[in-house]
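Enquirer: Next up is a structure, given as structure tokens.
Since every read-out is calculated from the coordinates, none of them should be taken as a lab result. These numbers come from a predicted model, not from an experiment. Cβ placement follows ideal geometry from the backbone for every residue including glycine, while neighbour counts extend to all protein chains displayed.
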Amino acid sequence: MVVRLSLAVTLAALSVTAVQTKSHRDIPDTFSSIASCVDEPSTFSCENTAPINNTCCSPTPGGLVLQTQFWSTWTGLERTGQLLPEKSWTIHGLWPDNCDGSFEQYCDLSRQFDPTPSPAILPDGTVVPAWKGPGIDTFVSQFGRQDLLDFMQKYWINQGAPNVDFWGHEFSKHATCTSTFDVACYQSYKKHQDVVNFFDAVVRAFHRYPTFSMLASAGIVPSNQTAYSLDSIQKALVSQTGAIPFLGCQANGTVLTEVWYFSHVLGTEQFGTYKNVNSTTNSTCSKTAGIWYYERTKSSEREVRA
């Protein structure tokens with residue numbers, strides 16, 4: 001009886017494993033094709049001396065790539081469980097600035113999934129229609145990527161509105177202006193494949209810059225009693241990235257809220273090598289007054305593990 005029971009348990013375990021494996025294999029690929037890029041000249045974006053012929057191979061014209069993060073102390077939706085990750089900054093986005101620091105936005109209105117466009121009217125007068133369809137998270141779910149959604153719910157946090165609205169905004173405003181996420185760059189394109197691919201790229205870029213840990217390692221931690229100088233914050237980040245990021249502050253430049261890491265990219269934004277470069281935007285933090293890097297209330301954050 002014991003032998004028969006053990007065999008039954010073993011077979012059941014094998015059956016579960018088989019189902020899990022099949023499920024994993026059924027998850028479709030969402031990466032773009034770089035086969036046409038293999039023979040292209042290799043150069044960092046914004047450093048090429050000749051025009052980029054294949055815009056699927058290098059972010060064009062937005063070759064200055066920004067990985068941007070927030071330091072927030074509340075979400076406004078704590079009662080619904082929308083909390084901030086303990087000991088971590090949160091994702092703002094992945095932006096394709098032009099090499100001169102200018103930028104485009106909402107470049108493909110056929111891929112506009114932002115329920116509250118900002119701006120709602122572009123500089124040329126084009127109206128950006130509000131998205132009335134399902135949340136952009138449903139596109140990710142259709143590809144079986146619950147793992148990606150779980151990470152985004154932990155680290156890509158909105159303030160005053162659901163996280164999914166923020167994700168739709170960032171894709172529609174920025175990804176549609178990045179040439180390597182163009183629909184034409186996907187072989188046998190599946191609807192919304194580019195959305196999943198962009199979110200994967202955002203997460204990959206976010207992992208490059210563990211802002212909380214870099215600052216904490218230099219003795220700069222959230223505090224309601226101690227303010228820090230802009231110079232000390234910049235030096236801590238430069239020592240690990242080799243370039244000066246943009247630091248954003250509110251309250252007359254005294255409350256730290258944002259950091260933007262600027263890069264040139266060798267290859268695509270999805271898979272390429274990022275080379276840190278100095279910010280093209282001046283910091284909005286005070287150079288003379290103390291900078292407050294405030295603590296969060298415990299009710300606004302939760303423990304998270306990758």
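Enquirer: Which loop trypsin sites (Lys or Arg not before Pro) in region 170-202, with loop taken from DSSP, have no more than 10 other Cβ atoms within 10 angstrom of their Cβ? Mind showing how you got there, number by number?
Expert: Numbers: sites: Lys173, Lys190, Lys191; in loops: Lys190, Lys191.
Loop-located and lightly packed - Lys191.
Enquirer: Still on this structure, I have one more. For the chain, what is the calculated [θ] at 222 nm in deg cm²/dmol (nearest 500), taking -39500 (n - 2.57) for each run of four or more DSSP H residues and dividing by its residue count? Before the final figure, lay out the partial values.
Expert: Numbers: 7 runs with 87 residues, N = 306.
The helix contribution divided over the chain gives -9000 deg cm²/dmol.
Enquirer: Follow-up question, since we're still on this one. Nothing charged except the Cβ atoms of Lys and Arg (+1) and of Asp and Glu (-1): what's the magnitude of the dipole of region 180-273 about its Cα centre? Round to the nearest 20 debye.
Expert: I would put it at about 140 debye.
Enquirer: Hydropathy first: keep DSSP H helices in the chain averaging at least 0.5 on Kyte-Doolittle, then drop any whose Cα extent along the axis falls short of 15 Å, and list what survives. Please report the intermediate quantities before stating the final value.
Expert: Working: long enough: 2-26 (36 Å, 0.63); 163-174 (17 Å, -1.09); 193-207 (22 Å, 0.47); 230-241 (16 Å, 0.12).
Taking the DSSP H segments of the chain (at least 15 Å long, mean hydropathy at least 0.5), we get 2-26.
Enquirer: Say the dipole of the chain comes from +1 at the beta carbon of Lys and Arg and -1 at that of Asp and Glu; which of Gln250, Trp131, Ser141 then lies farthest toward its positive end?
Expert: Sorting the options by dipole projection puts first Ser141.
Enquirer: Let me check I've understood the local charge: for Leu215, count other residues with C-beta under 13 angstrom from its C-beta, Lys and Arg +1, Asp and Glu -1. What total comes out? Intermediate results must be reported in sequence, preceding the final value.
Expert: On the way: positive: Lys87, Lys235; negative: none.
Overall, the nearby charge balance is +2.
Enquirer: Oh, and also: So how do Val255, Val38, Val196 line up by other beta-carbon neighbours within 10 Å, fewest first?
Expert: Lowest count first: Val38, Val255, Val196.
Enquirer: Quick check for the chain: number of Lys pairs with alpha-carbon distance under 30 Å, counting only pairs 8 or more apart or on different chains?
Expert: Lysine pairs meeting the criterion: 26.
Enquirer: A follow-up question, please. Ranked by Cβ crowding within 10 angstrom, fewest neighbours first, how are Lys132, Lys235 ordered?
Expert: Lys132, Lys235
Enquirer: Now for a separate question. Take every Cα pair under 8 Å in the chain that's 6+ residues apart, average their separations, divide by the length, and report that relative contact order as a whole percent.
Expert: Rounded, it is 24 percent for the chain.
Enquirer: Now for a separate question. Using the Cα centre as the reference, give the magnitude of the dipole from point charges on the C-beta atoms of region 109-267 (Lys, Arg: +1; Asp, Glu: -1; all else neutral), rounded to the nearest 20 debye.
Expert: Dipole magnitude for region 109-267 comes out near 180 debye.
Enquirer: Neighbouring Cβ atoms within 10 Å as the yardstick, rank Glu303, Glu170 fewest first.
Expert: Arranged by neighbour count, lowest to highest, Glu303, Glu170 become Glu303, Glu170.
Enquirer: Sort out for me the Cα centre separation of region 95-149 from region 240-298, rounded to whole Å.
Expert: Here the two parts' Cα centres lie 23 Å apart.
Enquirer: At 25 °C and 0.890 mPa s, grab the translational diffusion coefficient of region 214-262 from Stokes-Einstein with a Kirkwood Rh over Cα pairs, rounded to a whole number in µm² per second.
Expert: Here the translational diffusion coefficient equals 217 µm²/s.
Enquirer: Pick the calculated volume of the Cα convex hull per residue in Å³ for this structure from [x] 192; [y] 280; [z] 168?
Expert: Working out volume of the Cα convex hull per residue in Å³ from the coordinates points to [x].
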